[in-house]
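The values are calculated or read from the model by the stated rules, or taken from the named source; none is laboratory data. From a predicted model like this one, the values you see are computed outputs, not experimental measurements. Every residue, glycine among them, receives a Cβ derived from its backbone with ideal geometry; neighbour counts consider all protein chains shown. All accessible areas refer to the heavy atoms of the entire protein, side chains included, with ligands and DNA or RNA removed. Shrake-Rupley method; radii C 1.70, N 1.55, O 1.52, S 1.80 Å.
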Amino acid sequence: MNYLKSITTSVLQSTGVTFPFSIGERIPGLDSSSSIWEIREGVKRDDGTPLTLFIYDSTLPPFQPGNKDRKTLFQLAKNALKKLRTIRHPDVIKYIDSVETETHIYIATERVRPLEGVLRDWETGGALAGKGKGKGKEEWIGWGVKSISTALAFLNAPPLSQHHAYLLPSTIFVTPSLEWRLGGFDLLTGREDQAGVLWALGGIAPGDVGERSGPEVKKGGWGVLRDTDPALSDTYLLALLLFTLYNPLSPLPSLSSAPTPSSAGSIPKSLFPIWKKMLNPNPRTRLSTAAFLDEAAQSGFWSSNALISLVDGLDNFELKSESEKLGLLRNIKESASSGTLPSPFVTNKILPSLLHSLSLPTAPSSAMLPLVLELGKLVSPSEYPKLVLEPVVKLYTSPDRGTRMALLDGLNEYADKLDNKMVQEKVWPNLITGFADTVPVIREATVKAVFPLSSKLSDRILNNDLLRLLAKMQMDTEPSIRTNTCILLGRLAPILGPNTKKKVLVPAFARSLKDPFVHARVAGLMALMATVDCFDRDDLAGKVVPNMAFTLVDKEKLVRDQAFKAMNMFMARITDMVKNMPDTVLSEEKSSTSYGPVTTTSSTSTTNQAGLANSAAGAAGALAGWAISSLSKQLSTPDMNSTMSAATALHVPSGLSPNPSPMNSPRISTDSTSASAFGTTSPSVPGPSSGKFATGVNGGRRGSAGGSGLKLGGSGNARKTGGAGAGPGPSSLVDMVASEWDDNDGGNAWGNDDLIDVNADEDDWSAFESAPIPEIVVPPPQSYYVTSPKQPSSSSNGVNTNTNKPIQKIVSSNSPKPSPVAAFASTTKSKPNSTVSPAMSSTTNDDWGEIPDNDNKSSSSPQKVASPTTQAQAQSLAGMSKEDKDKEMARRRAERTARIAAMKEQKKGKT
């Protein structure tokens, strides 16, 4: 081969011709004594198309046998090139390109092999031998005979009227799809061509063509064919070719007498009468090639051949009815599964024909594509992308729903053979149209098809474009689509980006947990369990568990059972994760001085589980003991034995008794009833370093943080409505602390200054317009309003005097003297459902300032005392028209201005 390449290159360089082929290995199967051509594999340089090269070299020694001159045979090679360039037929070998020099001829054709070599492979059990070896070969030969007869009839018939005159087994070739092709145009000559090579050079052609020629040629030479119909002379050669094909090991029969069935050998009986007519010694009464095709069809020889029927069905697939198409597909499937069809025929003939038909809108896609993918398994891995993948991927551009559905259903058959570039550039842009299809079945199949392709998608498509589409799919109207979307996300989780996992998975699965479809909720729980490795301990405890906990009480038992399994799994995983965590992150010094609680219920235990409760009652008791122990450890020894001061410890607002009687004072109890109630408080516990607690919203105000002690404010829910002076102490420590923990704000959200700036008349007043606020009156400076510091408390309704700061006295409802505080209390009682405004609860020291310690006398400044009539006129703004509201607000602003002026005068009088 290298020698041939060097010779070819040197010859072409000398002539200036560019050789367009790459010469490959020699193709076996053709005897060098039966043809002037050397057949080799080749590749076209510009596009890589595989070829078969027919090479003639006139510089070689004389041709044997017969010692024939190469230059004389060069005329036959030129004639073959000339005729092959101009004649095209499906059953004639296909010409592609050629190169001709003074000494060489190169003819490039489609890939073919000599028929003789293919027959030998079939006999030796090669790739062509199937389970039905004998029957399959006979059918294949019958199909080949029809093809060669059709091509020969085409050449013989007008207007070509060509004498082939070289019909031998060596001039017939077979394609990779096992289709027969007619070649051997060395002697091809037109009937009217006076200078044709057949007339003068017919006798020097290699092979036994002289022995096979008709009686008229043997008697009068090749020149007698000028006056003979080509169809009558070539049919004699066709008859002898039939004998050779069906009797490859037998010599040609003696034709001195009429043929008999015994002389026909293995030729099919239905063909014998026709074969006998083809061998008539008189060319005028001999059967023509066209007549042979017709009589063979009439005898049923073609129709009884299953392979011929199958090929005809594929060639005319578009013209068949729906039932005929389905019947043909069924026949192909049965034949392929039984192994009666040779694999080269299946992969190179049937498969391309089906793929071509599948691209048409009338094709039954749902039945064809599964068959195509099944037959594609017979294709070698090197040829699969070209033969199967490219045509199948091209089908994604089809708008036909049946085609798309068949592609998605069979995706698992070819997904692993797709490369990343093909998926991203050809499949994905067309696949995403299925997400928005109006047919739910297409949308669901599209969702299911994502996972087989996910490993071949780019990071941008996977973490951005795809997730946007799946977010829409999770809100689809079809429950099954929402469920499968959740399942898909769970399967995609391991290959998503780290940031995508943290941002997407929990919200997506949480949405499924709230889905009204039962199985969608179950899928959400299973997805959380399947992706547990994607979450760290903070995400598990802070996101996963809180978002799925409500499913423990789902209305469906199926969901509840799965939820408990998931919760047990998460808790076991969290428990394992926290084993190596430190007991505390605080330093030893800081830990000893922190304001956080210290558990002392199990101080004698030596394990790190000391103080932990195993039941609800035990937890409640532990929490109660926890608060007492914490307080006792924060106070010094003198403070432990001192009496609590209302001004410094509780900071009791006016309206509450600073030293309540034992009947109303809160009790710190460790009994089971109190502990159990305490256990139901909010778990939102302030941190140990905050050092302050806020009073509950229901208490009417928020206590400011001062000192390091625990500030316990009153609860508005425990307020008695029997009179203004009743002590509203909380019913238990549980209610008091629970009301404080309702708000996580540890300080006074309104600040420590006065709520109303006396110098800003246009201060933010509109915030209080919506609440029903009774008339705010300024109490007169009477002698009973401020109690002397030396006066001891004699009743539970009195006040405990303080040498540091006088406390305002709350007048009992039994007092005969009218009091504005009593009037306010009665107003509150008459509207128990009204919301107490924060402005009301701040009408004590915060609004009015502190009374000096050395001032025990009442001020002489005149103050306006509200009468019961005036108090009753205080109206709510609710229900008023806009004009009435404006008038009411103007009136209130005027009164407010007057009060501020009076207060300023009062302060001036004190100084």
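In this structure region 368-495 gives 46 Å² per residue of accessible area when probed at 1.4 Å with all protein chains present. In region 421-472, what percent of the accessible surface is made up of carbon and sulfur (1.4 Å probe, ligands and nucleic acids excluded)? Result for region 421-472: 54 percent of the exposed heavy-atom area is carbon or sulfur. Rounded to the nearest percent, how much of the accessible area of region 195-279 (1.4 Å probe, protein heavy atoms only) is carbon and sulfur? After summing per-atom areas, the C and S share lands at 57 percent.
Once the Cα-Cα distance is subtracted from the 0.36 nm per residue extended length, the Leu319 to Asp193 segment shows a gain of 41.3 nm. On a per residue basis, region 131-280 carries 38 Å² of accessible surface, using protein heavy atoms and a 1.4 Å probe. Taking label positions 7 Å along the Cα-Cβ direction at both Asn412 and Leu252, the computed distance is 6.0 nm, reported to one decimal. Could you sort out which of Lys456/Lys501; Lys377/Lys417; Lys78/Lys146; Lys394/Lys421; Lys320/Lys377 sit more than 23 Å apart by Cα distance in this structure? Cα-Cα > 23 Å for Lys78/Lys146; Lys320/Lys377; rest within. I'd like the FRET efficiency for Ala297 and Thr362, computed as 1/(1 + (r/R0)^6) with the beta carbon distance as r and R0 of 35 Å, rounded to 0.05. Step by step, r from the Cβ atoms, then E = 0.80. Exposure check, 1.4 Å probe, all protein chains in place: Lys579 carries approximately 140 Å² of accessible surface. The label point for Lys269 and the one for Arg896, both projected 7 Å from the Cα toward the Cβ, are 12.2 nm apart. Under 5 Å from the amide H of Ile96 lie the amide H atoms of Ala108, Thr109, Glu110, each residue being 5 or more positions distant or on a separate chain, with H modelled from the backbone and absent for Pro and chain starts.
Can you grab the distance from the C-alpha centre of region 495-520 to the C-alpha centre of region 309-383, Å, no decimals? What the calculation gives is 43 Å, centre to centre.
Solvent exposure of Met473, expressed as accessible area, is near 10 Å², computed with a probe of 1.4 Å over the protein chains only.
Surface calculation, 1.4 Å probe, protein heavy atoms: Val427 sits at approximately 0 Å² accessible.
Is the shape of region 358-470 best called rounded, prolate or oblate, per the rule: a/c under 1.5 gives rounded, else a/b larger than b/c gives prolate, else oblate, with a ≥ b ≥ c the square roots of the Cα gyration tensor eigenvalues? Taking the square roots of the gyration eigenvalues as a ≥ b ≥ c, region 358-470 is oblate.
Projected label points at Glu41 and Ser161, each 7 Å from Cα along the beta carbon direction, are separated by 4.5 nanometres. Applying 0.36 nm per residue to the separation of Lys910 and Lys887 and subtracting their alpha-carbon distance, the gain on full extension is 4.8 nm.
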